[in-house]
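Data block below; observations after.
The values are calculated or read from the model by the stated rules, or taken from the named source; none is laboratory data. This one's a predicted model, so the numbers in the text were calculated from it and none came from an experiment. Glycine gets a Cβ as well: all are built from the backbone with ideal geometry, and neighbour counts include every protein chain shown.
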Amino acid sequence: MANYIPSTKLVERVCAGDMRAVSRLISRAEAGVAEVRSALAEIYRATGRAHVVGITGVPGSGKSTLVGKVVQRLRADGRKIGIVAVDPSSPYSGGAILGDRVRMSEIGTDPGVFIRSMATHGAIGGMARAAMDAVDILDVAGYDTIIIETVGVGQDEVEIARASHTTIVVSAPGLGDEIQAIKAGMLEIADIHVVSKCDRSDAARTLTDLKSMLVLGALGSGDDWRVPVIGTSAISGEGLDELIDAITRHRRVAFETELGQRRRRSVAEFRLLKTAEALLAERFVKARSDRTAEYTEQLLARTGDPYALACALIDHSLKTEQGSTDDENT
Amino acid sequence: MARNVMSQPIRVLLAKVGLDGHDRGVKIVARTLRDNGMDVIYTGLHRSPEEVVTAAIQEDVDILGVSVLSGVQLTIFPKIFHLLKENAADDIIVVAGGVMPDEDAIALRKMGVREVLLQDTPPRAIVETLCRVVAERGPR
């Protein structure tokens with residue numbers, strides 16, 4: 001353990017913006033080691049300055065490319081930008097290919113940009129468990145805007161809206177009609193809609209579908225904010241200035257209006273519940289193993305039913321865990 | 001398997017540096033490592049040593065793997081080591097892959113490249129080698 005720097009010692013270096021300390025503390029948060037918790041507690045109390053922007057959309061819709069272009073422009077006025085880019089872990093091996101950096105080469109050596117790739121490690125909802133910890137760490141390290149890029153998602157991975165101040169949903173042309181656009185789920189959570197690849201001829205149709213959806217429901221619109229639909233092209237640069245303008249305007253909404261205040265409360269509540277859920281799941285996973293095989297057999301033989309066996313498994317697991325960790329908790 | 005001491009997946013950055021357009025090999029290696037439970041960050045083609053070292057630091061990888069099929073190994077590895085040292089990041093383990101003469105492989109090892117895994121290395125040996133060098137380094 002000679003080379004091991006305690007996490008609480010890293011906090012001071014994170015506050016000074018030390019890149020190595022930032023990346024190491026994110027790794028510790030990802031690992032979820034018990035030792036990192038007091039450091040993260042210290043970090044959390046110092047957060048609250050950064051504007052957190054979530055970007056989500058279907059796989060291949062151009063999220064990473066868009067992030068690269070947007071960040072380049074945001075950097076023009078000197079803001080430091082942090083990026084947390086999430087890609088999926090294999091459900092079989094647990095490994096992952098994190099390829100978002102491939103699309104962000106233009107910002108790869110900018111000292112005002114910090115890019116961190118993260119695998120989902122079994123988390124659902126399009127985010128990684130430690131993504132919010134990484135956002136906190138980057139906030140404290142002095143990054144003004146922090147972008148979370150979710151994994152490519154389907155229709156109902158909407159957690160990002162409860163983890164960010166501003167949510168951008170990226171749609172690609174040619175993936176559905178106006179019926180897709182009025183379905184519940186992902187399209188409802190956007191503060192800003194982007195239709196990417198609008199140099200393609202079928203993009204106009206997607207723009208129209210999204211705009212008519214918004215007119216129908218006036219979703220997310222109120223006195224403080226009207227959801228824009230912006231067509232962008234990474235090739236021609238079309239729409240990017242408009243998008244930057246929308247992000248800047250929504251930043252003011254998030255920090256200066258009653259709507260923004262409500263949003264930030266909802267983010268805090270989600271954080272609390274999500275963390276509690278993760279801790280509960282961790283305890284459950286640690287303790288459940290001894291009865292899982294036995295109950296599986298009963299379920300397979302139809303001598304038990306899913307609800308009763310699951311209740312028994314929960315009761316047994318959490319009781320075992322309670323007994324064994326009392327000492328360390330008190 | 002393929003986990004470090006904090007029982008996290010081993011993190012590997014795989015990089016292609018300079019004017020080298022051959023990435024089939026590195027993609028196969030990426031896939032192999034993924035299938036053995038590692039988190040693999042791929043940089044894409046045509047990166048500079050500066051980009052690669054910045055990425056390795058921000059991603060806090062255990063291993064920086066650089067694939068070279070263009071014969072520039074004796075030019076780029078000294079640059080990479082220089083940048084790692086400059087950024088106090090020389091605890092990152094550097095591994096080379098690709099095709100090169102034996103004497104270059106020896107030179108790279110002298111320079112500090114931990115392992116040189118050439119084109120005839122079986123996938124299993126790559127996985128085992130990476131697991132071993134991370135285990136030898138210990139926690140950090």
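Taking region A:18-40, which residues are in contact (Cβ under 8 Å) with a residue 12 or more places away in the chain and loosely packed, with under 15 Cβ neighbours inside 10 Å?
Once the filter is applied, which keeps residues that are in contact (Cβ under 8 Å) with a residue 12 or more places away in the chain and loosely packed, with under 15 Cβ neighbours inside 10 Å, region A:18-40 yields A:E35, A:S38.
Across region B:6-42, what is the number of residues that are among the charged types (D, E, K, R), crowded, with 23+ Cβ neighbours inside 10 Å and more than 18 Å from A:S89 (Cβ to Cβ)?
The total comes to 1.
Kindly provide the set of residues from region A:67-113 that are surrounded by fewer than 23 Cβ atoms within 10 Å (Cβ to Cβ), in contact with a Gly (Cβ under 7 Å, 6 or more places away or on another chain) and hydroxyl-bearing (S, T, Y), ordered by number.
A:S93, A:S105
Looking at A:G60 and the list (1) among the small types (G, A, S); (2) away from chain B (no Cβ under 12 Å); (3) within 20 Å of B:T43 (Cβ to Cβ); (4) buried (at least 16 other Cβ atoms within 10 Å of the Cβ), which single condition is not satisfied?
Single failed check for A:G60: (4).
Looking only at region B:22-61, which residues are more than 7 Å from chain A (Cβ to nearest Cβ) and in a helix (DSSP H, G or I)?
B:R24, B:G25, B:V26, B:K27, B:I28, B:V29, B:R31, B:T32, B:P49, B:V52, B:V53, B:A56
Can you tell me how many residues within region A:102-141 are within 13 Å of A:Y44 (Cα to Cα), part of a helix (DSSP H, G or I) and of a type in the set (G, A, S)?
1
A:A41: aliphatic (A, V, I, L, M), at pLDDT 95 or above and not assigned by TED's automatic domain parsing to the domain that holds A:G125, yes or no?
Yes.
Within the set of pairs 6+ apart or on separate chains, which have a first residue in region B:27-43 that is in contact (Cβ under 8 Å) with a residue 60 or more places away in the chain, a second that is surrounded by fewer than 24 Cβ atoms within 10 Å (Cβ to Cβ) and among the aliphatic types (A, V, I, L, M), and C-beta atoms under 7 Å apart?
Close Cβ pairs (under 7 Å, with a partner that is surrounded by fewer than 24 Cβ atoms within 10 Å (Cβ to Cβ) and among the aliphatic types (A, V, I, L, M)) amount to B:V29/B:I126; B:T32/B:I126; B:T32/B:V127; B:L33/B:V127; B:N36/B:M1; B:N36/B:A2; B:N36/B:V127; B:M38/B:A2.
Take the conditions of a type outside the set (S, T, Y) and either within 13 Å of another protein chain (Cβ to nearest Cβ) or under 30 Å from A:G185 (Cβ atoms) (or both) and apply them to A:R49. Does it pass?
Judged against the criteria, A:R49 is not a match.
Yes or no: region B:68-87 includes at least one residue that is within 21 Å of A:V84 (Cα to Cα) and at pLDDT 95 or above.
No, every residue in region B:68-87 fails to be within 21 Å of A:V84 (Cα to Cα) and at pLDDT 95 or above.
Among the candidates A:L280, A:L243, single out the residue that is assigned to a helix (DSSP H, G or I), under 22 Å from the mean Cα position of the chain (by Cα) and modelled with pLDDT of 95 or more.
Values: A:L280 fails: modelled with pLDDT of 95 or more.
After ruling out the rest, the residue left standing is A:L243.
Taking the condition farther than 22 Å from A:D136 by Cβ and either surrounded by 13 or more Cβ atoms within 10 Å (Cβ to Cβ) or without any contact (Cβ under 8 Å) to a residue 40 or more places away in the chain (or both), does A:D245 pass? Show your work before the answer.
Working: farther than 22 Å from A:D136 by Cβ: yes; either surrounded by 13 or more Cβ atoms within 10 Å (Cβ to Cβ) or without any contact (Cβ under 8 Å) to a residue 40 or more places away in the chain (or both): yes.
Yes: the conditions hold for A:D245.
Can you tell me which of (1) more than 9 Å from chain A (Cβ to nearest Cβ); (2) under 11 Å from the mean Cα position of the chain (by Cα); (3) under 23 Å from A:G68 (Cα atoms) is the one B:L19 doesn't meet?
Failed condition: (2).
What are the residues in region A:114-129 that are among the aliphatic types (A, V, I, L, M), buried (at least 24 other Cβ atoms within 10 Å of the Cβ) and more than 8 Å from chain B (Cβ to nearest Cβ), if any?
Start the filter on region A:114-129 by keeping residues that are among the aliphatic types (A, V, I, L, M), which leaves A:115, A:118-119, A:123-124, A:127-128.
Filter once more, keeping what is buried (at least 24 other Cβ atoms within 10 Å of the Cβ): A:115, A:118-119, A:127-128.
Matches in region A:114-129: A:M118, A:M127, A:A128.
Out of A:I107, A:I97, A:I168, A:I147, I need the residue that is away from chain B (no Cβ under 12 Å) and closer than 26 Å to B:M38 by Cα. Which one?
A:I147
Out of (1) in contact with a helix residue (DSSP H, G or I) (Cβ under 7 Å, 6 or more places away or on another chain); (2) farther than 28 Å from B:L84 by Cα; (3) within 12 Å of chain B (Cβ to nearest Cβ), what's the single condition that is false for A:L10?
In the conditions (1) in contact with a helix residue (DSSP H, G or I) (Cβ under 7 Å, 6 or more places away or on another chain); (2) farther than 28 Å from B:L84 by Cα; (3) within 12 Å of chain B (Cβ to nearest Cβ), A:L10 misses (2) alone.
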